[in-house]
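First the structure, in the form of structure tokens, and then the observations on it.
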Amino acid sequence: MGIERKFIEDSIVKYNISKFLGGELSRAGFSRIEIQKTPIITRITVYVLNPGRVIGRGGKTIDGITETIKDKFKVENPQINVMEVENKMLEPLLVAKSITERLERGMNARRVIQQSLKEIISNGALGAEIIARGKLAAKGAKKRSIRKSLGYIPKAGDVTELVRVSHATAYPKYGAIGVKVRIVPPGTVFPDREIKAIEVPKSILSS
């Protein structure tokens, strides 16, 4: 139970830090974090579209964030490394935010999801899933959901740790819409199977 409790505690800390950084670094195009603990330091790798906004002039911004994480989340010796996102279409949070922005402009939900799925797979992902739930139609319509997926997306076991997952919420005039995105990035190796590159079906290519 001790190991399980520690795992849960670490997951909660990671979630809280990610939520904090998501708010602080939204203008920098925050995507995700990775945390690696060593006996000496806690290394936090932050992935963003614009690293310069995170570092700040003379490192002032990143120094302030580091101190906040140390004090607010009781992280010993945090060291933040800032990495630039290589491909935003392989980052679930950025994809989810892109979808919510288009939904808030009134674009058709099914079409937006199909187009996003096409772009994710076209950029080399081995699997992708997009789920949208909420007020997907005009005022007065019932809540419903749309789920689209391509490729391999494990839903159980340790291999789920290899899947990048994030969500965002759209707030169009007729009600909230939650968007969840799962992506298996290129080059992911699963211990129980070999996954080859996925071809985008013609039905999606023409959408």
**Request:** Within the range 74-120, work out how many residues are of a type in the set (Val, Ile, Thr) and either under 20 Å from Leu150 (Cβ atoms) or touching a Gly at 6+ places or on another chain (Cβ under 6 Å) (or both).
**Result:** 5
**Request:** Report, by residue number, each residue of the range 28-62 that is of a type in the set (A, V, I, L, M, F, W, C) and under 19 Å from the mean Cα position of the chain (by Cα).
**Result:** Ala28, Phe30, Ile33, Ile35, Ile44, Val46, Val48, Leu49, Val54
**Asked** When you look at Lys19, is it exposed (fewer than 12 other Cβ atoms within 10 Å of the Cβ) and without any contact (Cβ under 8 Å) to a residue 40 or more places away in the chain, yes or no?
**Response** yes
**Residue ID - surrounded by the most Cβ atoms within 10 Å (Cβ to Cβ), chosen from residues in the range 26-84 that are touching a Lys or Arg at 6+ places or on another chain (Cβ under 8 Å) and assigned to a helix (DSSP H, G or I)** = Ala28
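Conditions tested, residue by residue: (1) part of a loop (DSSP other than H, G, I, E, B); (2) at pLDDT 90 or above; (3) surrounded by fewer than 16 Cβ atoms within 10 Å (Cβ to Cβ); (4) not polar (S, T, N, Q).
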| site | (1), (2), (3), (4) |
| --- | --- |
| Ser145 | no, yes, yes, no |
| Pro154 | yes, yes, no, yes |
| Glu161 | no, yes, yes, yes |
| Val181 | no, yes, no, yes |
| Pro186 | yes, yes, yes, yes |
| Ile198 | yes, no, no, yes |
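From the list Ser26, Ser98, exactly one residue is in the same structural domain as Ser122 (by TED's automatic domain parsing), under 22 Å from Ser166 (Cβ atoms) and without any contact (Cβ under 8 Å) to a residue 24 or more places away in the chain. Which is it? Let's see the steps before the verdict.
On the way: Ser26 fails: in the same structural domain as Ser122 (by TED's automatic domain parsing).
Every option except Ser98 fails the conditions.
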**Complete:** A careful count of residues in the range 54-73 that are at pLDDT 90 or above and either among the basic types (Lys, Arg) or at positive phi (or both) gives 2
**Request:** State which residue is nearest to Leu25 (Cα to Cα) when the search covers only the range 85-123 and only residues that are over 16 Å from the mean Cα position of the chain (by Cα) and surrounded by fewer than 15 Cβ atoms within 10 Å (Cβ to Cβ).
**Result:** Glu104
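The values are calculated or read from the model by the stated rules, or taken from the named source; none is laboratory data. Here the structure is a predicted model, which is why all the values come from computation and not from measurement. Because the Cβ atoms are built from the backbone with ideal geometry, glycine has one as well, and the counts that use them run over all protein chains shown.
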